[in-house]
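The values are calculated or read from the model by the stated rules, or taken from the named source; none is laboratory data. Note that the coordinates shown come from a computational prediction; the quantities given were computed from them, not determined experimentally. So basically every Cβ, Gly included, is an ideal-geometry build from the backbone, and we count neighbours across all protein chains shown.
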Amino acid sequence: MTLTDNTQALERIPTTKLDPADPELMEELLAVVERVARQGAFTMGTELEAFEQEFAEYCGSPYAIGVSSGTEAIVLALKGLGIGAGDEVILPSNSFIATAEAVSLAGARPVLVDVDPSTHLITADAVEEAIGPRTRAVIPVHLMGSTVDMEALLKVTKPAGLKVIEDTAQAHGAFVGGQRVGTIGDVGCFSFYPTKNLGGWGDGGGVVTADKGLADRIRLIRSHGEQPRYHHKVVGTTARLDALQAALLRVKLRRLDGWNDDRRRLGAALRAGLEGTSVQLPSAATLDGDHVYHLFIVRTPDREALREHLDAHGIASAVHYPFPIHRTEAYADLGMEAGSLPVAERLAEEILTLPLFPTMSDEDVQRIVDAVRTFGGEN
């Protein structure tokens, strides 16, 4: 029986699976929902405080602040650092638009730069070339679970007096040189969107920092600038992490390292199986760089044909992201024409996300490898 003939008998492999795929985890999470519901404490309170303490300890950071989304995490970090109107912030164009949106929402101007063609990540050289008189900060994005060369980046940003805001929305628990991502720059910003390596049951985010003053300012801004009740010290907003999300994340945080180990193992198996095929694989930014495989990315100039081929073999795929930020309609005012950031533009045309999730089986890995090999005509 050929691979195609056997497809009807096989379960379709999705790009990811969420909590219902694990009955034991679901039972524990539903118990948490009932506990929070019976307590009737849905905003702030002990669940949020406990999660913040546990997440800070996990990251190896003195302070963690739960907020309403990963986007708001960056917005609040920028505002807490006093970055806003008239300031510029350097970030990669190969990222989800939220990285740039946060800069705009804080009132600053995003300066979009190209990325390394091998790692798909921002580089110290690109940052150095983009620094101008109004530059106040840099946002390195640990994209898809892969980690930026932070040592090289800091050698550029420190002499220039720039703040470093790590976008760690896709790299929970990853290490760089023995430190968790998010703790290497001035502040780390996380998303707890449901599909993340550490995800809740809705929107949510977090900020970690070693700067007590910054942590206090972010806590103040996230809840109407209020301290104590009805005493509004600054103009703030509503950007709190809900107690229910915090309680769910506490359960899942205890499993995160195990899940990441599974992702690393599965990612390594996919990489080994796909070596020498028609697809290109990103490389690590540094020798000690980590990869927690939030997403498994390959490159191919025949993306749509490969997607159709995989679909015919019962394998889902996705594209993250089909447009670099500088070529979206939202940032047309930056005036960056086609060809201005050629690597990011080429990646947008060629990158493809293959399935990878902690509960994926070795058989699933082999099916994916076999399907890609048949597409390229490899043996």
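Looking across region 37-84, the residues that are assigned to a loop (DSSP other than H, G, I, E, B) and not aliphatic (A, V, I, L, M) come down to G40, F42, G45, G60, S61, P62, S68, S69, G82, G84.
Applying the selection to region 252-275, what residues are hydrophobic (A, V, I, L, M, F, W, C) and in contact (Cβ under 8 Å) with a residue 12 or more places away in the chain? Hits for region 252-275 are L253, L256, W259, L266, A269, L270, L274. Inspect region 85-99 for any residue being surrounded by fewer than 24 Cβ atoms within 10 Å (Cβ to Cβ) and without any contact (Cβ under 8 Å) to a residue 24 or more places away in the chain and give the result as yes or no. Yes: region 85-99 contains one or more residues that are surrounded by fewer than 24 Cβ atoms within 10 Å (Cβ to Cβ) and without any contact (Cβ under 8 Å) to a residue 24 or more places away in the chain. Residue-level analysis places V187 among those that are over 30 Å from P20 (Cα atoms) and modelled with pLDDT of 95 or more. Quick one: would you say E129 is in contact (Cβ under 8 Å) with a residue 40 or more places away in the chain, of a type in the set (D, E) and assigned by TED's automatic domain parsing to the domain that holds S191? No.
Kindly establish whether T286 is under 26 Å from T99 (Cα atoms) and in a loop (DSSP other than H, G, I, E, B). Step through it out loud before you land on a result.
Working: under 26 Å from T99 (Cα atoms): yes; in a loop (DSSP other than H, G, I, E, B): yes.
The answer is yes for T286.
Scanning region 20-36 for residues that are in contact (Cβ under 8 Å) with a residue 24 or more places away in the chain and outside any loop (DSSP other than H, G, I, E, B), we see that the one that is nearest to H224 (Cα to Cα) is V36.
Conditions tested, residue by residue: (1) among the aliphatic types (A, V, I, L, M); (2) in the same structural domain as S278 (by TED's automatic domain parsing); (3) in contact (Cβ under 8 Å) with a residue 60 or more places away in the chain.
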| site | (1), (2), (3) |
| --- | --- |
| T328 | no, yes, yes |
| A332 | yes, yes, no |
| S340 | no, yes, no |
| L347 | yes, yes, yes |
| T353 | no, yes, yes |
| L356 | yes, yes, yes |
| T359 | no, yes, yes |
| Q366 | no, yes, yes |
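Keeping to region 163-177, report how many residues are touching a residue at least 60 places away in the same chain (Cβ under 8 Å) and touching an Asp or Glu at 6+ places or on another chain (Cβ under 9 Å). Lay out the reasoning, then the answer.
So the first thing to find is which residues in region 163-177 are touching a residue at least 60 places away in the same chain (Cβ under 8 Å), and the list is 163, 165, 167, 169-177.
Keeping just the survivors that are touching an Asp or Glu at 6+ places or on another chain (Cβ under 9 Å) gives 163, 165, 171, 173-177.
Residues meeting the conditions: 8.
The sole residue among V127, V103 that is modelled with pLDDT of 95 or more, over 23 Å from E72 (Cβ atoms), touching a strand residue (DSSP E or B) at 6+ places or on another chain (Cβ under 6 Å) and crowded, with 23+ Cβ neighbours inside 10 Å is V127.
Residues in region 271-311 that are of a type in the set (A, V, I, L, M) and either surrounded by fewer than 20 Cβ atoms within 10 Å (Cβ to Cβ) or in contact with a strand residue (DSSP E or B) (Cβ under 6 Å, 6 or more places away or on another chain) (or both): A272, V279, L281, A284, L287, L295, I297, V298, A305.
Quick check on G267: is it surrounded by fewer than 16 Cβ atoms within 10 Å (Cβ to Cβ) and outside any strand (DSSP E or B)? Before you say what the answer is, go through the steps one by one.
Working: surrounded by fewer than 16 Cβ atoms within 10 Å (Cβ to Cβ): no; outside any strand (DSSP E or B): yes.
Criteria not met by G267.
Of all the numbered requirements in (1) closer than 30 Å to T238 by Cβ; (2) crowded, with 16+ Cβ neighbours inside 10 Å; (3) at pLDDT 85 or above, D19 misses one, and that requirement is (3).
Take the residues in region 316-333 that are of a type in the set (A, V, I, L, M) and in a loop (DSSP other than H, G, I, E, B), then tell me which one is nearest to P110 (Cα to Cα). Talk me through it step by step, then tell me what you get.
First, the residues of region 316-333 that are of a type in the set (A, V, I, L, M): 316, 318-319, 325, 330, 332.
Imposing the further condition that a residue be in a loop (DSSP other than H, G, I, E, B) reduces the set to 316, 319.
Working: A316: 34, V319: 24 Å.
The residue in question is V319.
Could you tell me whether region 232-251 includes any residue that is in contact (Cβ under 8 Å) with a residue 24 or more places away in the chain and closer than 25 Å to G289 by Cα? No, there is no match, as no residue in region 232-251 is in contact (Cβ under 8 Å) with a residue 24 or more places away in the chain and closer than 25 Å to G289 by Cα.
Among the residues that make up region 289-297, is at least one of them within 25 Å of I122 (Cβ to Cβ), hydrophobic (A, V, I, L, M, F, W, C), modelled with pLDDT of 95 or more and not in a loop (DSSP other than H, G, I, E, B)? For region 289-297, residues within 25 Å of I122 (Cβ to Cβ), hydrophobic (A, V, I, L, M, F, W, C), modelled with pLDDT of 95 or more and not in a loop (DSSP other than H, G, I, E, B): present.
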